[in-house]
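Okay, so here's the structure we're looking at.
What follows draws every value from the coordinates through simple rules; no lab data is involved. Quick caveat, the model's predicted, so the values are computed rather than measured. Cβ sites come from the backbone with ideal geometry, for glycine too, and all protein chains shown count toward neighbours.
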Amino acid sequence: MAEWPTPRRIATLSVHTSPLEQPGTGDAGGMNVYIVEVSKRLARLGVEVEIFTRATRGDLPPIVEMTPGVTVRHVTSGPFEGLSKEELPAQLCAFTSGVLRAEAAHPPGHYDLIHSHYWLSGQVGWLARERWGVPHVHTAHTLAKVKNRLIAAGDRPEPKARVIGEEQVIAESDRLVANTRFEAQDLVAYYDADPARTAVVQPGVDLDRFRPGPGERARFGLPEHGKVIAFVGRIQPLKAPDVLISALAGMRTDEDVRLVICGGPSGSGLDRPTALIELAASLGVSDRIVFLPPQNGAGLAALYRSADLVAVPSYNESFGLVALEAQACGTPVVAAAVGGLVTAVRHQRSGVLVDGHDPYEWARVLDGLLAQPRLLRRLAAGAVAHAADFSWDRTAEGLLAVYREAVTEHRALIAKRLEAYAW
């Protein structure tokens, strides 16, 4: 048996959201970016990646080549449209059937490893692992027990079924990949994960796309003068854009400050898609807020560069890719001191971390930063330097090391069992 064998082909599972979807819409977010960027780089390292995701339209082709070495398989499971993420557990049997049928069409041993993302995919990976006899690596991205501890006011708690599902997946996975050491600690503390099977592999940032450059305020209908604070993300209570609107109303700066909110309604935010507009009107700041739809890569980078600050007030983030992308563009970040944001933002070096979600405290911090141009320039330089420590190439290499360990351990276990049977 070769030492530290590299897997030839990986089955990546992403049940509830497709890597082909635009981040910032529906359930598409940082996890989509993660899967796309990692898959492309694994392919460059000689590992084929097949991504299984649920078909959400009838006109989607069964297989799409995303890039050489990376294919996306659309699995029919339930109605194409009209299903929320919370309704998908009822379709896991159908999805699993589609995954198993795809493998059955090939000679045995087609896939060397399974990597599932989010607990729904983990349930499928758990079963496929048993059927295929290959190791299963799981990345949670978010954890129900942690989200429920840090829940936003008015948001819906994660259901008990998800908690149980996560416990099962974490117990049955060969390896767990956490985005930060804090997430690894949560896996051990709240889910009794085995520390020896839990690895930390930090996400990265596309340093070619997200880099310093001139802003393009006119592109977004923003005035050339004055200050701009940007929020980028899905519009839902978890992401807390309402905190920024309330903070804007309490800011005392004499300068013209605009708040840009870029993203689409998602999750419980779909219950009241106009809630932010109504809040802005009630606080008298509607004329100082610009709402933008989700932006593609080039547009997103231009928006980051157009802002003086990017704000990430989330109640919980497993990492916070928006914070890292903004810093790579040379824009300091003000973020809540929660979850992975403590790693993604270096306090007083690349941005500022804020304890809690009190709008008055956020207004005080934002006012203080915008009033100090020299400090902003220092933080901007620190932001670029901090982001340079992260790259998707490093993430892919870290994952590949985890894969090799899992495959080696799995093959050693099989060899041991065969030896026992021989006796």
Checklist entry - Helix 160-172 versus the longest principal axis of the chain: what angle, 0 to 90°, nearest 10, using Cα atoms? => result 50
Checklist entry - Want the number for D194 to R57: 0.36 nm per residue separation, take away the alpha-carbon distance, what's left? => result 45.4 nm
Next on the checklist: Can you show me the helix-derived [θ] at 222 nm for the chain, built from DSSP H runs with n ≥ 4 at -39,500 (n - 2.57) apiece and divided by the number of residues, rounded to the nearest 500.
Outcome noted: -12500 deg cm²/dmol
Next on the checklist: Need the list of lysines near K85 for cross-linking: C-alpha distance under 23 angstrom, and skip anything on the same chain fewer than eight residues off.
Outcome noted: K145, K147, K160, K239
Checklist entry - Order of 165-175, 225-235 by packing, highest average Cβ count within 10 Å first? => result 225-235, 165-175
Next on the checklist: At 7 Å along Cα-to-Cβ for each site, give me the label-to-label distance between A415 and E87 in nm.
Outcome noted: 5.0
Checklist entry - Can you work out ³J(HN,Hα) from phi for every residue in the range 343-352, in order, using Karplus 6.51 cos²θ - 1.76 cosθ + 1.60 and θ = phi - 60°, giving whole Hz and x for Gly and Pro? => result 8, 5, 10, 9, 4, 6, 10, 10, x, 9
Checklist entry - Full extension from E278 to R349: what is 0.36 nm times the residue separation minus their Cα-Cα distance, to one decimal in nm? => result 22.0 nm
Item to check | Angle in degrees between helix 359-370 and the longest Cα principal axis of the chain, rounded to the nearest 10 | outcome: 70
Item to check | Lys/Arg +1, Asp/Glu -1 at C-beta; the range 217-388 dipole; positive extreme among F291, A301, C262 | outcome: A301
Checklist entry - Where the centre of each part is set by its Cα atoms, how far does the range 140-184 sit from the range 355-384, in angstrom? => result 31
Checklist entry - Out of every Cα-Cα pair in the range 217-388, what percent are more than 26 Å apart? => result 18
Checklist entry - Dipole magnitude of the chain about its Cα centre, charges +1 at Lys/Arg Cβ and -1 at Asp/Glu Cβ only, in debye to the nearest 20? => result 480
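Any idea what the dipole of the range 217-388 comes to, in debye rounded to 20, about its Cα centre with Lys/Arg Cβ at +1 and Asp/Glu Cβ at -1?
Roughly 520 debye for the range 217-388.
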Next on the checklist: So for the chain, averaging the separation of alpha carbon pairs under 8 Å that are six or more residues apart and normalising by length, what relative contact order in percent results?
Outcome noted: 17
Next on the checklist: Positive end of the dipole of the chain, charges at C-beta (+1 Lys, Arg; -1 Asp, Glu), about the Cα centre: which of L88, A363, P373 has its Cα farthest in that direction?
Outcome noted: P373
Item to check | Distance (nanometres) between label positions extended 7 Å along Cα→Cβ at R8 and D393 | outcome: 2.8
Item to check | Cα-based helix-to-principal-axis angle, 92-104 vs the chain, degrees rounded to 10 | outcome: 50
Item to check | Net charge of neighbours whose Cβ lies under 12 Å from the Cβ of D393, counting Lys and Arg as +1 and Asp and Glu as -1 | outcome: 0
Next on the checklist: Under 29 Å between alpha carbons, and skipping anything fewer than 8 positions from K416 in its own chain: which lysines qualify?
Outcome noted: none
Checklist entry - Dividing the Cα convex hull volume of the range 159-312 by residue count, how many Å³ per residue is that? => result 155
Next on the checklist: Which one, S246, P203, Q185, is farthest towards the positive end of the dipole of the range 149-261 when Lys and Arg carry +1 and Asp and Glu -1 on their Cβ?
Outcome noted: S246
